[in-house]
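Just below is one structure, and these are the notes that go with it.
The values are calculated or read from the model by the stated rules, or taken from the named source; none is laboratory data. A quick note: this is a predicted structure, and the numbers were derived from the prediction, not measured. Note: ideal-geometry Cβ built from the backbone for every residue, glycine included; neighbour counts use all protein chains shown. These area figures cover heavy atoms from the full protein model, side chains too; ligands, DNA and RNA do not enter into them. Shrake-Rupley method; radii C 1.70, N 1.55, O 1.52, S 1.80 Å.
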Amino acid sequence: MSTLTISPSPHVHSGDSVKKNMYGVIIALIPALAVSLWVFGLGALIVTVTAIAASVLFEYLIEKYLLKVPSTITDGSAVITGLLLAFNMPSNLPVWIIIIGALVAIGVGKMSFGGLGNNPFNPALVGRVFLLISFPVQMTSWPLPMQNTTAYLDATTGATPLGIVKEGLANGTSLSELMNQVPSFVDMLVGKMGGSSGEVAAIALLIGLAYMLIRKIITWHIPVSVLGTMAIFAGILSYSNPEAFAGPAFHLLTGGALLGAIFMATDYVTSPMTNKGMIIFGVGIGVITILIRVFGAYPEGMSFAILIMNAFVPLIDRYVKPKRFGEKVK
Amino acid sequence: MLKTFSLGGIHPEENKFSAGKKIEVLPIPTQVSVPIAQHIGAPSTPVVERGDSVKVGQIIAKSSGFVSANIHSPVSGKVFKIDKVLDASGYKQMSIIIKVDGDEWEESIDRSTSLNREITLSAEEIVKKTGEAGIVGLGGATFPSHVKLSVPPGKTCDILILNGVECEPYLTSDHQLMMEKGEEILVGTQILMKALKVDKAIIGIENNKKDAIEHMTKLAEQYKGITIQALKVQYPQGGEKQLIDACIGREVPSGKLPIEVGAVVQNVGTTFAVYEAIQKNKPLFERVVTVTGKSVKNPGNFMTRVGTPVKDLIEAAGGIPENTGKVIGGGPMMGKALASADVPVTKGSSGILLMPDELSTRGKTESCIRCSKCVSVCPMGLLPYLLMTLSQKAIWERSEEERVMDCIECGSCSYTCPSNRPLLDYIRLSKGTVGQIMRSRNK
Ligand code: SF4
Ligand code: SF4
């Protein structure tokens, strides 16, 4: 026996750590990454590797030379930002644009607020939306699925299902006809459709969700409330006018709904702290997403919806309190 | 169906190494040191002087108020001195030091082990005698028991709840006591029921003690009004408010005592002490202490006289392991790290836990990643991450608004935080300050 340690209770710890949670999210993203490589081939590989490498490198450089603080790159959060950024880009995006995206995501989205834990907005989405506004053409040219295994910048492109429907409806084509032009729901489930590199694989994303729920990395509140709200809202619209509005299944399977609900909206740092708050947040995202998709200028609305609701998180946390013990009336 | 409390909770590794180990009587030491402050409330006043001869069970310090407790000599011998000695609190406290000579008990104590079922005292006499016997909550809270048995005017009690939960990992003293002294606990329960004038009692036991649930359920068939409630294993079920919620679904309002919802809670160890006091005339001067830890050779449960140095207990369990980095008085979640193994066992010592070096220090604190895990485990529905920040920034008004005083200091938040944030340390600081502010406002 050397000297005895004196410290206040508790004297035991769960063993949980930031790393365990972050690496857990990365593991949960692997199935979707695999599908992305299968569907979009070489381009997806280049985009993913570049985005991750650039995100980690920028975090390292900023911490070392600008902030002069100990490096946090091993905690896994920069890898997640890079991976999610890649998942939100078309697989034919030039390397230099990806690097700008990573710089904005890490530099502006995360480090300028003080690093992990302090950023109000999801860093990957900050990067993505910045690119969408700055490079609208490159960010909305979508490589076709299963046809570009070895192509990258020269990939053949086409519209996403959401794009087809939005465009078509604007031109007066009937919805039933448009539904014949978009991939079947089965193809959508396995990821055979145009879109950002990581958003197309419904089943793989759901596997990731199950994994995170089992490992208790996240709770059901956000994904279920986002997707549930979208389904109900889309369902009501489509019921009121089946020829003008696509149904719930179409909305849930397209345009990054699953990627956003499962992996972006659930970002610890930028989502509310209470279960009630999470549900309010999720419902807000669901409503805004459908509003933008159906009535807005962009065919997809998930990224904007999440960022808008991110801005409400401090307000939600200030006023939505958990159920306190002792509040129940006898 | 297993019941449990409604909000939060965690399930740490149980590590009940000493489960099933028969209660061994620890040899009487050569000298004991009995602190005069072993309970919540005013310290007692010594009534013996240096050089006095004392017998086992003789009163040596008198209760000095309503919330206070008598203290009885745990040994026979001579008072060596009354002086300040380091105790489990980490401070030097006034203690009565007695050099042991033989083992001569007060004649009034019935030392037979026969079971005495017949309760002859009246309710008032029971409360009075519980107070005289110096009985305090043996679960660790050490609140004087007679105070809890005196229902304040205007309030009514309709149920007694016994805490046989032992939700702290490692500890097994209550478990073993139920296995060996089940009948005595049940008679003790009836005594408490009589004192409180209630006809219903529930003994809550967690489901990791299936043998105790079975044993007590069988014994309880013969005792009217007493039922055993099996509970899902969940920390901190032994918290009074959590236990009441788990057993009968009533929530004690913020800032109020259990009596507000008609319940009184006593620990099973305390109940056994009440049995001995009322039926055997034996005041509280010994108790069962678990000695345990991952590297402890012979973890066990020991009947120990108050005032015995902790190191004697450790010796009995196979000696202090080479790699010991921390000695804890109590369980790992709410126990206190001891400054030395020389401090004495007191009425509140439920266990001695030895932690190996590698488990003795905390992990590195990182920034809050807002994972909300502390929020979801808090059994009181608080926001630990926010309370910590408010405490760091000394924003006391808002801390009070966020109900910092509701915190039961269970430690579930600190236990869970992936960033190793010292949440409870800061919350305690805040409770201290906010408590002071509230008291000065009421003056
Ligand atoms: S220590 Fe207090 S704040 Fe932390 S979980 Fe327990 S009751 Fe909640
Ligand atoms: S558990 Fe720790 S990291 Fe998570 S929200 Fe609470 S304080 Fe922050």
Check your understanding: Given B:Asp83, B:Asp87, which one is of a type in the set (Asp, Glu), surrounded by 20 or more Cβ atoms within 10 Å (Cβ to Cβ) and outside the structural domain of B:Ile248 (by TED's automatic domain parsing)?
Key -> B:Asp87
Study note, to complete from the structure: Within region A:293-330, residues among the basic types (Lys, Arg), within 21 Å of A:Asn275 (Cβ to Cβ) and either open to solvent by 80 Å² or more (accessible area, probe 1.4 Å) or more than 14 Å from chain B (Cβ to nearest Cβ) (or both) come out as A:Arg318, A:Lys328
**Study point:** Qualifying residue in region B:164-181 (condition: open to solvent by 20 Å² or more (accessible area, probe 1.4 Å) and assigned to a helix (DSSP H, G or I))
**Key:** yes
Review point. Open to solvent by 10 Å² or more (accessible area, probe 1.4 Å), touching a residue at least 60 places away in the same chain (Cβ under 8 Å) and either among the hydroxyl-bearing types (Ser, Thr, Tyr) or outside the structural domain of A:Tyr298 (by TED's automatic domain parsing) (or both) - does that describe any residue in region A:89-102?
Key: yes
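So if I check each of A:Ile279, A:Ile262, A:Ile288, which one is more than 14 Å from every other protein chain (Cβ to nearest Cβ) and open to solvent by 10 Å² or more (accessible area, probe 1.4 Å)?
On the way: A:Ile279 fails: more than 14 Å from every other protein chain (Cβ to nearest Cβ); A:Ile262 fails: open to solvent by 10 Å² or more (accessible area, probe 1.4 Å).
Criteria check complete, one pass: A:Ile288.
Confirm whether B:Gly319 is more than 14 Å from every other protein chain (Cβ to nearest Cβ), small (Gly, Ala, Ser) and more than 17 Å from the chain's Cα centre (by Cα).
Values: more than 14 Å from every other protein chain (Cβ to nearest Cβ): no; small (Gly, Ala, Ser): yes; more than 17 Å from the chain's Cα centre (by Cα): yes.
Here the answer is no, as B:Gly319 does not meet what is asked.
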Check your understanding: Considering region A:17-57 alone, what residues qualify as being out of contact with any Phe, Trp or Tyr (no Cβ under 9 Å at 6 or more places or on another chain) and within 14 Å of chain B (Cβ to nearest Cβ)?
Key -> A:Ser17, A:Val18, A:Lys19, A:Lys20, A:Met22, A:Tyr23
Check your understanding: In region B:401-434, what count of residues is obtained for those that are within 14 Å of ligand 1 (Cβ to nearest atom) and part of a helix (DSSP H, G or I)?
Key -> 19
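Taking the stated definitions as given, is B:Ser414 at the interface with chain A (Cβ under 7 Å from one of its Cβ atoms), crowded, with 20+ Cβ neighbours inside 10 Å and either among the β-branched types (Val, Ile, Thr) or on the phi > 0 side of the Ramachandran plot (or both)? Steps first, answer last, please.
On the way: at the interface with chain A (Cβ under 7 Å from one of its Cβ atoms): yes; crowded, with 20+ Cβ neighbours inside 10 Å: yes; either among the β-branched types (Val, Ile, Thr) or on the phi > 0 side of the Ramachandran plot (or both): no.
For B:Ser414, the condition - at the interface with chain A (Cβ under 7 Å from one of its Cβ atoms), crowded, with 20+ Cβ neighbours inside 10 Å and either among the β-branched types (Val, Ile, Thr) or on the phi > 0 side of the Ramachandran plot (or both) - is not met.
Considering only region B:360-373, state which residues are at the interface with another protein chain (Cβ under 7 Å from one of its Cβ atoms) and among the charged types (D, E, K, R).
Going residue by residue through region B:360-373, those that are at the interface with another protein chain (Cβ under 7 Å from one of its Cβ atoms) are B:360-363, B:366-372.
Scanning region B:360-373 gives B:Arg362, B:Glu366, B:Arg370.
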Revision key, fill the gap. Note on B:Ser376: of the conditions (1) outside any loop (DSSP other than H, G, I, E, B); (2) open to solvent by less than 40 Å² (accessible area, probe 1.4 Å), unmet is (2)
Exercise for review: Would you point out the residue of region B:213-244, among those that are open to solvent by 10 Å² or more (accessible area, probe 1.4 Å) and within 16 Å of ligand 1 (Cβ to nearest atom), that is nearest to the other protein chains (Cβ to nearest Cβ)?
Suggested key: B:Lys241
**Study point:** Options B:Asp357, B:Asp342: the member that is more than 28 Å from B:Ala246 (Cβ to Cβ), more than 8 Å from chain A (Cβ to nearest Cβ) and open to solvent by 10 Å² or more (accessible area, probe 1.4 Å)
**Key:** B:Asp342
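Can you tell me which residue within region B:379-400, out of those that are assigned to a helix (DSSP H, G or I) and within 11 Å of chain A (Cβ to nearest Cβ), is nearest to ligand 1 (Cβ to nearest atom)? Spell out the reasoning first.
Step one: list which residues in region B:379-400 are assigned to a helix (DSSP H, G or I), which gives B:384-392, B:396-400.
In the following step, the residues that additionally are within 11 Å of chain A (Cβ to nearest Cβ) were identified as B:384-386, B:398.
Details: B:Pro384: 4, B:Tyr385: 10, B:Leu386: 10, B:Arg398: 15 Å.
Among those residues, the one meeting the criterion is B:Pro384.
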Exercise for review: Report whether or not B:Thr365 is more than 15 Å from ligand 1 (Cβ to nearest atom), under 30 Å from A:Thr266 (Cα atoms), hydroxyl-bearing (Ser, Thr, Tyr) and more than 23 Å from the chain's Cα centre (by Cα).
Suggested key: yes
Point to revise | Options A:Phe121, A:Phe135; residue that is within 14 Å of chain B (Cβ to nearest Cβ), at pLDDT 90 or above and open to solvent by 10 Å² or more (accessible area, probe 1.4 Å) | key: A:Phe121
